[in-house]
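J.: Here it is, the structure in full.
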């Protein structure tokens with residue numbers, strides 16, 4: 001009986017350790033003011049393919065992926081766009097980040113699991129999953145909505161005084 005308990009405890013420890021282990025094929029977003037300035041000045045990055053997600057008039061996120069990478073999402077919610085300075089300028093007028101206090105847009109670098117820069121990200125959301133299953137391909141999920149408490153700032157004004 002003691003051997004069975006030891007075995008089950010050891011098995012539980014293995015499950016916990018392997019469950020907490022992080023896969024090595026994950027990348028990340030790293031906030032960067034230069035990326036933000038590039039998007040806000042309608043600068044088109046050379047050798048990049050542009051995508052957006054969300055409404056075309058006011059995208060939830062804009063992504064510039066370097067041409068050395070292939071977007072490998074099986075279900076692609078990213079819309080490829082032939083970007084122009086006019087289009088970026090139009091999006092910036094609607095986004096109007098200079099006066100956006102509650103939900104400003106941020107610029108980030110897209111970093112692969114091996115630490116290479118794969119592109120640029122511009123969004124008010126900085127919660128997403130970046131995977132690089134192969135050195136030439138990348139999977140980038142559409143942005144996650146921040147936790148509910150970040151949206152409910154106005155609930156403090158709902159309190160009775």
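J.: Say we look at segment 142-161 and pick out the residues that are in contact with a strand residue (DSSP E or B) (Cβ under 8 Å, 6 or more places away or on another chain), part of a loop (DSSP other than H, G, I, E, B) and surrounded by fewer than 16 Cβ atoms within 10 Å (Cβ to Cβ); which of these is modelled with the lowest pLDDT?
T.: Within segment 142-161, the match that is modelled with the lowest pLDDT is 146.
J.: Just one of the numbered conditions (1) touching a strand residue (DSSP E or B) at 6+ places or on another chain (Cβ under 6 Å); (2) at pLDDT 95 or above is not true of residue 27; which one?
T.: For residue 27, the failing item is (2).
J.: Could you check segment 53-77 and list, in sequence order, the residues that are closer than 14 Å to residue 141 by Cβ and in contact with a strand residue (DSSP E or B) (Cβ under 9 Å, 6 or more places away or on another chain)?
T.: Within segment 53-77, 53, 54, 60, 61, 63, 65, 71, 72, 73, 74, 76, 77 qualify.
J.: Taking segment 33-58, which residues are assigned to a loop (DSSP other than H, G, I, E, B), out of contact with any helix residue (DSSP H, G or I) (no Cβ under 8 Å at 6 or more places or on another chain) and either buried (at least 16 other Cβ atoms within 10 Å of the Cβ) or in contact (Cβ under 8 Å) with a residue 60 or more places away in the chain (or both)?
T.: Hit for segment 33-58 is 54, nothing else.
J.: So, in segment 62-78, exactly how many residues are part of a strand (DSSP E or B) and within 17 Å of residue 44 (Cβ to Cβ)?
T.: Residues flagged as part of a strand (DSSP E or B) and within 17 Å of residue 44 (Cβ to Cβ) within segment 62-78 amount to 5.
J.: Mind listing whichever residues of segment 59-91 are in contact with a helix residue (DSSP H, G or I) (Cβ under 9 Å, 6 or more places away or on another chain) and within 24 Å of residue 111 (Cα to Cα)?
T.: Once the filter is applied, which keeps residues that are in contact with a helix residue (DSSP H, G or I) (Cβ under 9 Å, 6 or more places away or on another chain) and within 24 Å of residue 111 (Cα to Cα), segment 59-91 yields 59, 62, 64, 81, 88.
J.: Sticking with this structure for a sec: Out of 110, 83, I need the residue that is part of a strand (DSSP E or B) and crowded, with 16+ Cβ neighbours inside 10 Å. Which one?
T.: Unique residue meeting the criteria: 110.
J.: Just to be sure before I move on: is residue 129 within 21 Å of residue 32 (Cα to Cα), surrounded by fewer than 19 Cβ atoms within 10 Å (Cβ to Cβ) and touching a strand residue (DSSP E or B) at 6+ places or on another chain (Cβ under 8 Å) in the structure I sent?
T.: yes
The values are calculated or read from the model by the stated rules, or taken from the named source; none is laboratory data. Just so it is clear, the model here is predicted, and its values are computed rather than measured. Note that each Cβ is placed from the backbone with ideal geometry, even for glycine, and that neighbours are counted across all protein chains shown.
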